[in-house]
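Engineer: Quick one: the structure is below, questions incoming.
The values are calculated or read from the model by the stated rules, or taken from the named source; none is laboratory data. The shown structure was predicted, so the numbers you read here are calculated from the model rather than taken from an experiment. FYI the Cβ positions are ideal-geometry reconstructions off the backbone, even for glycines, and counts take in every protein chain you see. Accessible surface areas use protein heavy atoms only, side chains included; no ligands, DNA or RNA. Shrake-Rupley method; radii C 1.70, N 1.55, O 1.52, S 1.80 Å.
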Amino acid sequence: MAAVSPISSNASRSYGPPSSAVPTSALILASTSGYRRELLERLRLPFTVESPHVDETALPGEAPSQLVLRLAAAKALAVAKHHPQALVIGSDQTATLDDVASIGKPGNHENAVAQLRAASGRTLRFLTAVSVKRLADGFDEAALIETRVRFRALDDAEIERYLRLERPYDCAGAAKAEGLGITLLEAIEGDDPTAIIGLPLIALTSMLRRAGCSPLAAAQAAASVSPAIPGAFTTTNSPR
């Protein structure tokens, strides 16, 4: 079964206003991913988006779980350094068949074909990490969520047809479970259906509450200001 592993460096400390209060900290998503932006918009919270400019190259011998946790934290920290009062969200995802090699975004058709051939008839583990940091008071939490995706046996014709239709070259594992990629699968096992898309909202909202940000209270406050807009965000670039 999938695992949700909370990792906190300050688990015994409390931060910010009570969980029922509307947050006073700005919320920033440290990501250029349109998938993560769209997921965060579901919470109807006002937030900004900034590119973290983080090198995502794996370290020698780095396990897939270690890689995503490190990169999620690095992304959050890169932006938080410029906004110490803000709550900054970083996230990263990889996939693995053997718990040793990380399977990232294919980037092109040839690599996508190879990824789907390797996954055919096997279970691919998607590892999604999320990190939330606020430097002003030292709030720092992270979680690792595993989603197990079982592919049915695929032939080359199916693989080619799918890739031409959906072109999932920016998705780890070369399949969009929220799109036509669902037709390639036999089962998905996980505790958070949003994790496989790129941002685990169940883990994230728990972290926000512990940081003193009630997502529901904040969404209600945002709706009272701009009732016609369910969620609002702006995009900026942080200094390199």
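Engineer: Taking the highest mean first, how do the peptides 158-168, 188-198 order by number of other beta carbon atoms within 10 angstrom per residue?
Structural biologist: 188-198, 158-168
Engineer: At what distance in nm do the modelled label points of L185 and H109 sit from each other, each positioned 7 Å from its Cα along Cα→Cβ?
Structural biologist: Distance between the two pseudo-spin positions: 2.6 nm.
Engineer: Quick one: 3J(HN,Hα) in Hz for the stretch 171-182, Karplus 6.51/-1.76/1.60 with θ = phi - 60°, rounded, Gly and Pro as x.
Structural biologist: 10, 4, x, 6, 8, 9, 5, 7, x, 5, x, 4
Engineer: For V54, V149, give me the order by solvent-accessible area with a 1.4 Å probe, most accessible first, ignoring ligands, DNA and RNA.
Structural biologist: Solvent-accessible surface, decreasing: V54, V149.
Engineer: ³J(HN,Hα) across the stretch 62-67 via Karplus (A = 6.51, B = -1.76, C = 1.60, θ = phi - 60°), whole Hz, x for Gly/Pro?
Structural biologist: 6, 5, x, 5, 5, 4
Engineer: Let me ask something additional. To the nearest 10 square angstrom, what accessible area does S31 show with a 1.4 Å probe?
Structural biologist: 10 Å²
Engineer: Nearest 20 debye, what's the magnitude of the dipole of the stretch 164-227 about its Cα centre given +1 on Lys and Arg Cβ and -1 on Asp and Glu Cβ?
Structural biologist: 280 debye
Engineer: Sticking with this one: Pull out a ≥ b ≥ c, the square roots of the eigenvalues of the alpha-carbon gyration tensor of the stretch 53-188, then state rounded if a/c is under 1.5, prolate if not and a/b is larger than b/c, and oblate in the remaining case.
Structural biologist: prolate
Engineer: Still on this structure, I have one more. On the full set of protein chains, 1.4 Å probe, figure out the accessible area of F139 and give it in Å² to the nearest 10.
Structural biologist: 0 Å²
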